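Reading through the structure tokens given below for one structure.
The values are calculated or read from the model by the stated rules, or taken from the named source; none is laboratory data. In this text, all values refer to a predicted model and were calculated from it rather than measured experimentally. Methodologically, a virtual Cβ is constructed for each residue, glycine included, from the backbone with ideal geometry; neighbour enumeration extends over all protein chains shown. Ligands, DNA and RNA are excluded from the accessible area calculation, which covers all protein heavy atoms including side chains. Shrake-Rupley method; radii C 1.70, N 1.55, O 1.52, S 1.80 Å.
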6 protein chains.
Amino acid sequence: MRYNTIKALLRANKTVVNAWASIPSSFCAEVIANCGFDAVTVDLQHGMIDYAQMLSMFQAISTTNTIPLGRPSGSNAVEIMRILDAGAYGVICPQVDTADIARSVVAACRYPPLGARSYGPPRGLLYGGADYFAHANDEILIFIMIESKQAVENLDEILDVPGVDGVFIGPNDLSLSYGGGVGCNPQGEVSDIIDMIRTKTAARGLATGIYCADGVMCQMRIHQGFQLVNPGNDAGVLKSAFEVQLSTIQNCVQ
Amino acid sequence: MRYNTIKALLRANKTVVNAWASIPSSFCAEVIANCGFDAVTVDLQHGMIDYAQMLSMFQAISTTNTIPLGRPSGSNAVEIMRILDAGAYGVICPQVDTADIARSVVAACRYPPLGARSYGPPRGLLYGGADYFAHANDEILIFIMIESKQAVENLDEILDVPGVDGVFIGPNDLSLSYGGGVGCNPQGEVSDIIDMIRTKTAARGLATGIYCADGVMCQMRIHQGFQLVNPGNDAGVLKSAFEVQLSTIQNCVQ
Amino acid sequence: MRYNTIKALLRANKTVVNAWASIPSSFCAEVIANCGFDAVTVDLQHGMIDYAQMLSMFQAISTTNTIPLGRPSGSNAVEIMRILDAGAYGVICPQVDTADIARSVVAACRYPPLGARSYGPPRGLLYGGADYFAHANDEILIFIMIESKQAVENLDEILDVPGVDGVFIGPNDLSLSYGGGVGCNPQGEVSDIIDMIRTKTAARGLATGIYCADGVMCQMRIHQGFQLVNPGNDAGVLKSAFEVQLSTIQNCVQ
Amino acid sequence: MRYNTIKALLRANKTVVNAWASIPSSFCAEVIANCGFDAVTVDLQHGMIDYAQMLSMFQAISTTNTIPLGRPSGSNAVEIMRILDAGAYGVICPQVDTADIARSVVAACRYPPLGARSYGPPRGLLYGGADYFAHANDEILIFIMIESKQAVENLDEILDVPGVDGVFIGPNDLSLSYGGGVGCNPQGEVSDIIDMIRTKTAARGLATGIYCADGVMCQMRIHQGFQLVNPGNDAGVLKSAFEVQLSTIQNCVQ
Amino acid sequence: MRYNTIKALLRANKTVVNAWASIPSSFCAEVIANCGFDAVTVDLQHGMIDYAQMLSMFQAISTTNTIPLGRPSGSNAVEIMRILDAGAYGVICPQVDTADIARSVVAACRYPPLGARSYGPPRGLLYGGADYFAHANDEILIFIMIESKQAVENLDEILDVPGVDGVFIGPNDLSLSYGGGVGCNPQGEVSDIIDMIRTKTAARGLATGIYCADGVMCQMRIHQGFQLVNPGNDAGVLKSAFEVQLSTIQNCVQ
Amino acid sequence: MRYNTIKALLRANKTVVNAWASIPSSFCAEVIANCGFDAVTVDLQHGMIDYAQMLSMFQAISTTNTIPLGRPSGSNAVEIMRILDAGAYGVICPQVDTADIARSVVAACRYPPLGARSYGPPRGLLYGGADYFAHANDEILIFIMIESKQAVENLDEILDVPGVDGVFIGPNDLSLSYGGGVGCNPQGEVSDIIDMIRTKTAARGLATGIYCADGVMCQMRIHQGFQLVNPGNDAGVLKSAFEVQLSTIQNCVQ
């Protein structure tokens, strides 16, 4: 089975730079996968992407050495299994507020006896290789998202769930959950909570990640000890870049 | 009929800043159309876009005041008519190497007696309005691309063709045609030819445009007198912007 | 944020005429949105429409002043959040049989502290505007469908759920649930129940709506006091209209 | 090979009622094909339909006894062959202005020695049957559109081209070509020309057809002797029907 | 309503040969449906197929007498209703581990009073006929999949659920669940369990089916008494057949 | 630039085994590309495939070392350029009946000064590499199809056209053109002509290929000296393989 290079990087305490894809286009995904990221995450939750488009995006990413990941729209086990069958080498699962949800997510990602994943992975066998079944339980990466007050209250119990590879923090929803506003870099109490989550997670030997608005914020989070970071998402990066170009031109026009 | 704001700008000798779309996604097109460009050109020639995707991109652009344009894959009259029927407010037609081709392009864009466009514009009537037929010959914008030695040799004759609204220079192909390499800012002989084309076109009272690699090149071309410019295309801008973010992060990682 | 014109109409006790879309086509949706309806509801339950098509249909509707709504396939919170992220200005949620379901629907439509909607609305920000987050809890419209005996039995408790904007009756399923047949205008007991639901809902100051088979039935329901009505759906209207045309022709042929 | 029922009807001087499809949706096409029409024409010229959608629409139509036809975007032989390979049982080819074009159209529709159609019809063999090659030259229907002054001037020569099954008049473009306005029922000179075309065509034993705005116009054309008529197109019929429903409702609201 | 020929075959204790479709293509589905199978099952669980593609595949299958079935991605009632609305004449529902799940599956497939299916079947009415509602509860076929140790432990209770038409065994997942490996023909304990499931199911007068790897395994299962069998799936059959062709050629090349 | 392995094989007089793809599905293409073929040809002429699907199929093929080729629907230069821009590493161009057509095909595949290909290859740069422009004229493979009496009569002149890499024979159309029937292995006169074409082509140092019905015919053609062969196409191979499975089962059922 094809090696999951980012799982190896995380185990070695290295940083993984991830691209976040929300534009439903296999060509766009291929452009992104050729930028040099370690991974691309196809976002089925807040991205404008559905299953058929995700499949073609995974194919496009698979033309490179960049690792394809998926964020399911929720923690539904059936959807997670479908994403993995399509060739994702891991999931970043949103809204894992309880240990029961975490157990269900792990079960969806692991074949028996470790879990209850149903067998029949069409692109797993093509992208991963004919020995996919023998190694999938080792290679597939499971990140769970901690992004609510409830999840924080249940954190220890959630981190006890065997099979979780890492915790990914959703700062926007976490902040909203604590009564704050939106933004990837909340201050005050939520900032402390983010630090606490990272510390506790790392103490278990699990990987840590957090959604970042841009490259500068990625720097900051890496310095704080986070391993999995992403500079915004494709639509935001494109919009910002085009607006910079436009202002360059408009300065000249005026 | 909805007013073609960029045709009015060009007539008033104002600058039109255009976005170049090559990613086949209506969501991506809507993101671009919300950046503040005057127009978005959906590229059916070198973009990875086909008719169905173009249609949905025109719809996405039409949610804003940005004007939808199309670049056909060639100068085929039937394709041009299909693009206009889908609601484009103009075309930038590639490879117009002779006056005959220019006449055919104009004929495809104008209803009789000015041309031979066939009647039945489904999105023309929705996006343009119920009085589309009465005004389409006035509002639809026709740019022809001059991008070969043959076209330059035929330039005067091409510019004599009635109904052409403007000339758009393709610097890459023009340079190749003269034995040079690729690049949007060719030097030497081809640079002089570009200047000559612009001068002759403007002398006829026609609008001038040229493909630009980025905002800085747009500035340069505007200073030279070009009216229709575009800072690269979506895929290129996205790739560059993501690579900048990545190098920001990698500097920190090392 | 763009104003939700139909929410304002309903608050002012005005009638809202809605089109029901079951054909998966952005062009068809744009045709419908240009007919003059106040809203178009994209039906993911009984319509032949999936997420990608819904997205393009919302874009098509957004080229006009008609308000885009979505009917999710069920009451799943994740799906509702995805529909809103794609730019719907409200949902008409089917099968809300209990107060718990109603609470879950409201939570999916409202950001904290009013609910638990996850943040990241790509088309919300494009169609709604950059200040989407500040106003979404006010502008997004929540209709819940009462369409079973169980829901009727729980009606008072359901109506007590804070955040619901209106009740929409599904007469077909309601009739089936009481042992009747299919049809949008059930008689007898179910007719009385429909009246009771409308009365109780209006008494709480909530809006009332009901699925109607055609314009004549809309008239009747408006006279009864309903505010949100729709003349059948697109596929049915098209089929009836074509059959009328055909019978006109066949009369002549014979 | 499956029998082409409408070719048989036309040979027997019977009327064929055709539906005109411009909405790119296989579900919509299936709805239309269940209305009772003799044929459905998928319009690649002024319809918002491309090849992939046409294919799925032909499949949808093929669930019924209604015969699938295609209108190519122009008279290009390659496109015509692709439409037939996808299972169309005939074409209505636009803009056949000369006998040379007519010959090219016939050649694209007939296997050697009658023409030059290239062999390899995937859906021909599925929808038509395993003996498709043996009978296709007999069963495939060829209508050419006469819709310009040039075509009228060349009419006798065009009608002499062997293999043409019928002439279909495009009244909008014909009227424009003679300096008139748009509309399916032009008066005066163009009305006389329509009559002349019909008479000459019928005199050769060929079938005659004309685009009609609605059922009442179909009646009129049938009385004039036309055999192939269509009551408007799907988008127009849907829009009119919804507007009628809306005005019914609005009368009541006021 | 169109007769469900395979339900009749099963009731008469006849064998039904089913094709398993995992390739998301309506053309591919039409090719398969023309091979002579009694049914084609569109696989939304392990197939690379989503809703829009399933719809077009059902349309393609409906051009023949082959019966369209769907395997939902899980046992979610809303998804099952959507599959039936799209014209499936039955479902093979995975992971029915408890009697409660079985009851929920039956309820999703039957209109009241037998179940709780919501009314509004667009393709049911087209493919099935205008009297769909009157007969759907009789014609729609319900297979539930027994494929886990939990399901086996609950087998008697599951088989007691009224409305189930048959049991379909998933040998891969069943084997994994008992600690074995993957493969459609598990030996030892699991083989005995398969036999036990078949015997108990048949004793209730219900139909029995099992996923088979190829035609030879179908033979074996038919001899064991299974009624619903399938020779592998489309992707596997295509891959094997192409590999056989390749080895034929490579033998010659060497 | 990524090396074109099959062009190297052909130059070294080795055999290239090609798969022929007519099913419009990127998943199906990926399955085929994993079978071990040297190349996969996406067929836009007789395949049920359009541009958007071709693009996604090229992406799927590019996940492997198999080389992606395209057969355009005709010899149109614009379409050929679009296929190459999407990442094809060569074309097999149908209906090259004259030297002028051959020259036009070569011009579409080669950048100046060897041809007139327009610059801007989005997937060329991703799949091929950043130095695509420098090497594309060397790596892109040009096969022209000889498949008519006219082409045979012009053979010497066609073979004189500089830049052609090989000749691919279409036996079906060639046979039809000489008054024969359909079939990939015509006998008599056409068989002699096939041999003559192969001999003359090879004498110029050009590669030779021919469409084959299956692996056995590939063997035969390789023994005759052909270098580029294909065992039928995907739809045919799938249908045959499923029919073999079915007859295995039906033997047992009877």
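Assorted remarks:
- Using θ = phi - 60° and Karplus 6.51 cos²θ - 1.76 cosθ + 1.60, couplings along the range F:170-182 (whole Hz; Gly, Pro as x): x, x, 4, 5, 4, 5, 4, 5, 9, x, x, x, 8
- Using a 7 Å Cα-to-Cβ projection, B:Leu114 label spacings across copies, nm, ascending: 4.4, 4.4, 5.0, 6.5, 6.8
- Distance (nanometres) between label positions extended 7 Å along Cα→Cβ at C:Gln224 and C:Asn137: 3.5
- Applied to the range C:28-36, the Karplus parametrisation 6.51 cos²θ - 1.76 cosθ + 1.60 on θ = phi - 60° returns per-residue 3J(HN,Hα) values of 4, 4, 5, 4, 5, 5, 8, 7, x Hz, with x for Gly and Pro.
- Note on D:Lys239: lysines with a C-alpha under 24 Å away, same-chain residues under 8 apart excluded, are C:Lys239.
- Summing Lys and Arg as +1 and Asp and Glu as -1 over all other residues whose Cβ lies under 10 Å from the Cβ of C:Thr98 gives a net charge of -3.
- Dipole magnitude (debye, nearest 20) for the protein assembly as shown, charges at Cβ of Lys, Arg, Asp, Glu: 0
- The local environment of C:Ser177, defined by Cβ-Cβ distances under 14 Å, has a net charge of -2 under the rule Lys, Arg +1 and Asp, Glu -1.
- Per-q log10 I(q)/I(0), the range C:196-254, q = 0.19, 0.24, 0.29 Å⁻¹ (Debye; single scatterer per alpha-carbon; no solvent): -0.72, -0.90, -1.06
- Positive-pole candidate from E:Gly70, E:Ala151, E:Leu176, dipole of the range E:5-253, charges at beta carbon: E:Gly70
- Remark: the range D:1-139 is approximated by an ellipsoid whose semi-axes, taken from the C-alpha gyration tensor as √(5λ), come to 21, 17, 15 Å, largest first.
- In a reduced charge model with +1 at each Lys and Arg Cβ and -1 at each Asp and Glu Cβ, the range B:124-212 shows a dipole moment near 160 debye about its Cα centre.
- Residues whose amide H lies under 5 Å from that of D:Val16, counting only those 5 or more places away or on a different chain, are D:Leu228, D:Val229; hydrogens are built 1.01 Å from N in the peptide plane.
- Cβ-placed point charges (K, R +1; D, E -1), dipole of chain F about Cα centre in debye, nearest 20: 500
- D_trans [Stokes-Einstein, Kirkwood Rh over alpha-carbon pairs] for the range C:70-123, 37 °C, 0.692 mPa s, µm² s⁻¹: 300
- Heavy-atom accessible surface that B and F bury in contact, both chains counted, 1.4 Å, Å² to 100: 1400
- Out-of-range pairs (alpha-carbon distance over 21 Å; input C:Lys14/C:Lys200; E:Lys149/E:Lys200; D:Lys7/F:Lys149): D:Lys7/F:Lys149
- Each copy carries C:Gly183; placing its label point 7 Å along the C-beta direction from Cα gives inter-copy distances of 4.5, 6.1, 6.1, 6.4, 7.9 nm, listed from smallest up.
- The range F:135-212: trypsin sites (Lys or Arg not before Pro) in DSSP coil with no more than 15 other Cβ atoms inside 10 Å: F:Arg204
- Extension gain, E:Val216 to E:Lys14, is 70.9 nm, computed as 0.36 nm per intervening residue step minus the present C-alpha separation.
- Alpha-carbon centroid distance for the pair the range C:79-94 / the range F:16-57, whole angstrom: 37
- Calculated log₁₀ intensity ratio I(q)/I(0) where the Debye formula runs over C-alpha points of the range B:122-254, q = 0.15, 0.16, 0.20, 0.21 Å⁻¹: -0.82, -0.88, -1.11, -1.17
- With the label put 7 angstrom out from Cα along the Cα-to-Cβ vector, B:Asp138 ends up 4.1, 5.8, 5.8, 6.7, 7.4 nm from the copy partners, going from closest to farthest.
- Rounded to whole numbers, the Karplus 3J(HN,Hα) couplings from phi for the range A:244-250 are 4, 4, 4, 6, 4, 5, 5 Hz, using 6.51 cos²θ - 1.76 cosθ + 1.60 with θ = phi - 60°, and x at Gly and Pro.
- Chain D shape via C-alpha gyration tensor axes, a/c threshold 1.5: oblate
- MRE, 222 nm, helices only [DSSP H, n ≥ 4, -39500 (n - 2.57), over the protein assembly as shown, to nearest 500]: -13000 deg cm²/dmol
- Prolate/oblate/rounded call for the protein assembly as shown, Cα gyration tensor, a/c under 1.5 rounded: rounded
- In this structure the amide hydrogen of E:Ile169, modeled in the peptide plane, comes within under 5 Å of the amide hydrogens of E:Ile146, E:Gly209, E:Ile210, E:Tyr211, none closer than 5 places in sequence on its chain.
- Extension gain for D:Asn65 to D:Thr248 (0.36 nm times residue separation, less C-alpha to C-alpha distance): 62.4 nm.
- Cβ nearest the rotation axis (E onto B), residue from chain E and distance to the nearest whole Å: E:Ala52, 7
- FRET efficiency, A:Glu157 to E:Glu157 (Cβ-Cβ, R0 41 Å, nearest 0.05): 0.80
- Probe 1.4 Å, accessible area per residue of the range C:23-163, Å²: 24
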